[in-house]
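Just so it is clear, none of the values below were taken in a lab; they were calculated from the coordinates. Only a predicted model underlies this, so the values are computations on that prediction, with no experimental measurement involved. Every residue, glycine as well, gets a Cβ built from its backbone with ideal geometry; the counts of neighbours run over all protein chains shown.
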């Protein structure tokens, strides 16, 4: 019997991970689309024309919009859905999810208002089960083309993280295990704030010194926040932390970095959002994290400046100046 | 009485730091050149024509080749010399160095054969004194043009690190303090190894995922090595660690990254070195660190592959493949 994977979500990342899983001849991979229109194009073209153009989707990957067909007899659910759609999608599939089905989340973000992590939402809607998170520096475009990629699989269940490692691992897709689910999920959401700041840095032409310092101090402050919420410091200095932060901050295609570049050019948030077709999660994460940091009395100077640029029309040059002019301090301060 | 700074070394970094110190009207800055020819051009042009073209050197910075003049009455010696020249330069200036003169080192590297850090060489030649290290993501070109830059000043003497912070700090040059001299110096040397690997990654066109993973896992392995030699883990995740690593790995101008790009193109080490006018420290650091890691039984897979590419003609594609094909493991392993 082949091992069956139900990949939920036909975006770039869902499609790319289906291609990775499909490389193992013992696997049966079903790619579920939430929308009939998308599924029809995928079936006709055998290509994710809009998001992964030029990458063929082999016939061996089953394409469907039928939740029951996707989940029936599945050994693993792979949740490849933006955080903002996780709750409604979980509700939709709930009647067909077996109570023992383990789920791996690929979502990066936090639920607005509730501040819940993606696996917490899954657990709330579907009930307790073995859960894992797959994260790290992993542009879907590169993964789909077989560029070498290294990620981390985190789970409270040692068996599940080891099993995910074994099943997802290929000679172009390397998987490390980790037990810090909280840290991996928080790092994946929080790095987008720093990605916006990196875009501002690029847009103002501040140079490599400024950008590297921003990324380093940004990493320190998101780690400080994560640790206060129960994450392990180490995770922020691993693939899901600094690794993902690096791609977010240096990639030409990053959506959050793009928001920052536009801010530096003088554009305002409403017009930036109106012109973007895809979600830049960092815009919302910044607000949630800024609010929570205030309540927890945590010092997050970069997040605070990103918040002011996004929501209080602060001039980006003034924000940078205010960061450079803070009282000199010592480096080793991860505490609250 | 103005505070007198003797900047020893007229390279790009020495010149840039003299410009930073010279911004404070209470400072008297003397820039010492080891070679008369360099000093003559600096005096005539008031510009470091070769290394920092277009940046004027104000008349208020004194230029000299006279060690005695530079050091007489100095409050601080700033050592801006490549590691390979530190020992001979310290011997040369020794007769004129006051026994209480504190010295700040800007050198990044390790002495070949002895494996000594720059401040250890200084101490050996000049005798015990207050020592500090200034490090972090700080391309001299950007510093000299006033781009925002953030660095760390590390010293076992709390007073000296605080004093250096106070004196070097400007609104474009931000200084954090740190007490981990060993870690800051080791990080500054070791990141060059990863810089070579990043160049290989770029030269082979492996993409952002591969490069970010390489930088992350590279950081883990140089931290592991540093910790085994007495450094603090935290330092590797600060400005002198990940911060400097980022500029080294992403900057177009990095010499170590350049070596890696040439390796990826199929060039061999002797021809690469023959065509470079400046020292790529990482080439020698790789050999020293690889040898020491073997003796200490430390796992440094990226360093080992860089060593094989540099000194055993290993094909870069095979090196990458061997890294991707290692036995899958867990992420949290900083131990020996």
For chains A and B related by rotation, which residue of A has the Cβ nearest the axis, and what is the rounded distance in Å?
A:237, 2
Partner shielding of A:138-148, taken as the mean number of other chain Cβ atoms within 10 Å, equals 4
Which residue fluctuates the most in chain A, going by a Gaussian network model with Cα springs under 10 Å, if the choices are A:99, A:321, A:69?
A:321
Report, in degrees rounded to the nearest 10, the 0 to 90 angle that the Cα long axis of helix A:208-228 makes with the longest principal axis of chain A.
70
Among A:107, A:132, A:12, which one shows the highest mean-square fluctuation when chain A is modelled as a Gaussian network with alpha-carbon springs under 10 Å?
A:12
So the FRET efficiency between residue B:94 and residue B:267, C-beta based with R0 = 35 Å and rounded to 0.05, is 0.30
Would you calculate the separation in nanometres between label points at residue B:166 and residue A:84, each defined as 7 Å from the Cα along the Cα-to-beta-carbon direction?
5.1
Averaged across B:168-175, how many Cβ atoms of other chains sit within 10 Å of each residue's Cβ atom?
3
What distance in nm separates the simple spin-label points at residue A:296 and residue B:159, each placed 7 Å from Cα in the Cβ direction?
4.0
Can you give the Kirkwood hydrodynamic radius of chain B from its Cα pairs, in Å with one decimal?
20.4
In deg cm²/dmol, rounded to the nearest 500, the helical mean residue ellipticity at 222 nm of chain A, built from -39500 (n - 2.57) for every DSSP H run of length 4 or more, is -15000 deg cm²/dmol
Long-range share for segment B:73-212, i.e. C-alpha pairs more than 20 Å apart as a percent of all pairs, stands at 52
Pick from B:270, B:316, B:148: which is most flexible by mean-square fluctuation in a GNM of chain B where alpha carbon atoms under 10 Å apart are linked?
B:270
One finds, for residue B:46 and residue B:26 with R0 = 30 angstrom and r their Cβ-Cβ distance, a FRET efficiency to the nearest 0.05 of 0.85
What does DSSP give for chain B in terms of the percent of beta bridges that are antiparallel, rounded to the nearest 5?
15
